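Here's the structure we're looking at; comments come further down.
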Amino acid sequence: MPKGFGGGMPGGMNMNHLMKQAQKMQKQMAEMQESLAAKTLEVSAGGGAVKVTISGEKQILALAISPDVVDPDDVEMLQDLVMSAVNEAFRQMDDAVNSQMSQITGGMNLPGMF
């Protein structure tokens, strides 16, 4: 008669242990999401000419542009500085999320989680 899931799994793996580990990881991920929601990150471009502040949820909270870089004859430069600052802020936030995530998962790759 075959053993059920409660009796253990091949290789000594216990289903209850796996469930507890999954619940622990789920709780840690929820705590991480809460801490990220409260986190902010400020990045600048053009030597501080453009500053962007984003939340851990990748929402732009503030955008500051120095009047010195506002040149009606060179709008493209200003657009490039804004894009550069925003993209760098998003990249840094992704790095922070991935770093925290790997601490929780022990380096296990869980695509689509964040």
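The values are calculated or read from the model by the stated rules, or taken from the named source; none is laboratory data. None of these values were measured; they are calculated from a predicted model. Neighbour counts run over all protein chains shown; Cβ positions are idealised from the backbone, glycine included. Accessible surface is based on the protein model in full, side chains and every heavy atom, while ligands, DNA and RNA are left aside. Shrake-Rupley method; radii C 1.70, N 1.55, O 1.52, S 1.80 Å.
Going by the conditions given, is D94 open to solvent by 80 Å² or more (accessible area, probe 1.4 Å), free of Cβ contacts under 8 Å to residues at least 60 places away in the same chain and of a type in the set (D, E, K, R)? Here the answer is no, as D94 does not meet what is asked.
With respect to the stated conditions, K3 fails to be open to solvent by 90 Å² or more (accessible area, probe 1.4 Å), modelled with pLDDT under 90 and assigned to a helix (DSSP H, G or I).
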